[in-house]
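Notes for the one structure printed next.
The values are calculated or read from the model by the stated rules, or taken from the named source; none is laboratory data. Quick caveat: nothing in here was measured; it's all calculated off a predicted structure. Glycine also receives a Cβ, built like all others from the backbone with ideal geometry; neighbour counts cover every protein chain displayed. With ligands, DNA and RNA removed, areas are computed over all heavy atoms of the protein, side chains included. Shrake-Rupley method; radii C 1.70, N 1.55, O 1.52, S 1.80 Å.
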Amino acid sequence: MEAINASIGFDQRMAAQDIEGSRAHAAMLAAQGIIDGKDAEAIREGLLTILSEIEGGGFAFSTALEDIHMNVEARLKEVIGEPAGRLHTGRSRNDQVATDFKLWTRDQLDAVDQALGALIKALLAQAEAGADWVMPGFTHLQVAQPVTWGHHMMAYVEMFARDRSRIQDARRRMNECPLGAAALAGTSFPIDREATAQALGFDRPAANSLDAVSDRDFALEFLAAASICAMHLSRLAEELVIWSSAQFRFVTLSDRFSTGSSIMPQKKNPDAAELIRAKIGRIFGANVALMTVMKGLPLAYSKDMQEDKEQVFDAADNLMLALAAMEGMVKDMSANRDSLEVAAATGFSTATDLADWLVRVLGMPFRDAHHVTGSLVAKAEAKGCDLPDLSLEEMQSVHEHITQDVFDVLGVHNSVASRTSYGGTAPSRVREQVARWKEALA
């Protein structure tokens, strides 16, 4: 029973938040005249002593005392004696653990927010440096149209910025204080829940005591936002694995984020990217696990809810590690401009530019232009060359009204420069978006 019932093995991570909540509660009790001011001062000093012991590694945690709350309270009694028993007036472990866990999750949301900001800055630096470097854009992992390196990096800026927005939004929504809800029905003591909420940095007290101790939406929202962010990290990790391969050579990863082979001296493995890609499964799994824990629970508190923290702790640890590793890789990696440009010109990547020219200059319906372009691609493929390598005579054999001007749109640099619509890949648009984001971050 002790083995299955105890949570101190993992919830000791919330020690600082537990002591912070208890200090706010004791101060409120004294302000309301519920406990004596001297007792409140003794409690405050005793809690600071315990926090120092925990941070210094000198605190002996006991599984017999089940959780962080009882471990702290038992030690407080050893330190200050009888006044320690007054601390739990007007509260329950139910609202205490909900408050501790919210405080911990809120701190973690802030940490993720900062880590995302650092990753976005690293991507912006890459985008600015390569705003006019051409590379192939893919659909179905087949060459589609030329884009710029900067444009590709800015796509991830937008993705991670949405992650940051979700994190910030979740933080706003969860910032209601459960403390004072007691076991589930509130308390008959004249407590001041506004005071404790304010002391702990919450916007307001939770409005319903039953919901306050039942709620783990804040943890689920963290895991949901973490899962989407993790998915984005995995997509970028996958591209780095592909791009750093000998077949692509689009990027070179630094030695700080690569490893060698035990038997093949030429190998440089993108292990950090691969590990990010793998760790994402743990974050997804934590989200599913906690949803499963919560799905069948009646109000209010059930012991099942003790299984909430390990999932969130593990997901948070792995998300923060993945974000830090990805920031490091992005900051250190070098894009191989020549390889990118050579690849951009392959696979008939300017075929759409040719079709657009037929529509714009010759007034051809797009479907007809699509057909003519397809015929020209087939001709180039049979000849073993790319579209710009066809002669004007060869093009005119497919459509007699094609002129020499068509070659102005067939180069990859011309192609990307022409994509000036808002959000397009033109270097001018990329620099515009980089400037906008740098200003927003500042």
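Suppose we filter GLU394, GLU400 for residues that are acidic (Asp, Glu), surrounded by 14 or more Cβ atoms within 10 Å (Cβ to Cβ) and farther than 25 Å from ALA118 by Cα; which single one remains? First the steps, then the outcome.
Values: GLU400 fails: surrounded by 14 or more Cβ atoms within 10 Å (Cβ to Cβ).
After ruling out the rest, the residue left standing is GLU394.
Among the helices (runs of 4 or more DSSP H) confined wholly to the stretch 148-236, which include 3 or more residues that are touching a residue at least 60 places away in the same chain (Cβ under 8 Å) and either small (Gly, Ala, Ser) or over 22 Å from THR89 (Cβ atoms) (or both)?
Numbers: elements: 149-174, 193-199, 209-214.
Here the list reads 149-174, 209-214.
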- Task: Kindly list, by first and then second residue, each pair from a residue in the stretch 58-84 that is within 16 Å of GLU45 (Cα to Cα) to a residue that is among the basic types (Lys, Arg) and surrounded by fewer than 20 Cβ atoms within 10 Å (Cβ to Cβ), limited to pairs with Cβ atoms under 6 Å and residues at least 6 apart or on different chains.
- Result: ALA84/LYS77
- Query: What is the residue count in the stretch 26-80 for residues that are in contact with a helix residue (DSSP H, G or I) (Cβ under 8 Å, 6 or more places away or on another chain) and at positive phi?
  - Reply: 1
- Note on the structure: When the stretch 44-61 is checked residue by residue, the ones that are more than 35 Å from the chain's Cα centre (by Cα) and open to solvent by less than 70 Å² (accessible area, probe 1.4 Å) are GLY46, THR49
- Please enumerate the residues belonging to the stretch 167-209 that are open to solvent by less than 80 Å² (accessible area, probe 1.4 Å) and charged (D, E, K, R). ASP169, ARG171, GLU176, ASP192, ARG193
- Task: Within the stretch 144-162, identify whether any single residue is surrounded by fewer than 18 Cβ atoms within 10 Å (Cβ to Cβ) and on the phi > 0 side of the Ramachandran plot, and answer yes or no.
- Result: no
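For the stretch 134-143: of the residues being β-branched (Val, Ile, Thr) and in contact (Cβ under 8 Å) with a residue 60 or more places away in the chain, which is surrounded by the fewest Cβ atoms within 10 Å (Cβ to Cβ)? Reasoning before the result, please.
To start, the set of residues in the stretch 134-143 that are β-branched (Val, Ile, Thr) comprises 134, 139, 143.
With the extra rule that they be in contact (Cβ under 8 Å) with a residue 60 or more places away in the chain, the set shrinks to 134, 143.
Details: VAL134: 27, VAL143: 18.
Among residues in the stretch 134-143 that are β-branched (Val, Ile, Thr) and in contact (Cβ under 8 Å) with a residue 60 or more places away in the chain, the one surrounded by the fewest Cβ atoms within 10 Å (Cβ to Cβ) is VAL143.
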- Message: Given the options ALA170, ALA161, ALA181, name the one that is in contact with an Asp or Glu (Cβ under 8 Å, 6 or more places away or on another chain), closer than 21 Å to SER227 by Cα and among the small types (Gly, Ala, Ser).
- Response: ALA170
- Answer with yes or no whether THR89 is over 26 Å from PRO427 (Cβ atoms), modelled with pLDDT of 95 or more, of a type in the set (Ser, Thr, Tyr) and more than 24 Å from the chain's Cα centre (by Cα). yes
- Unique residue being closer than 30 Å to GLN126 by Cβ, within 43 Å of the chain's Cα centre (by Cα) and either of a type in the set (A, V, I, L, M) or in a helix (DSSP H, G or I) (or both) when the list is LEU340, LEU354: LEU340
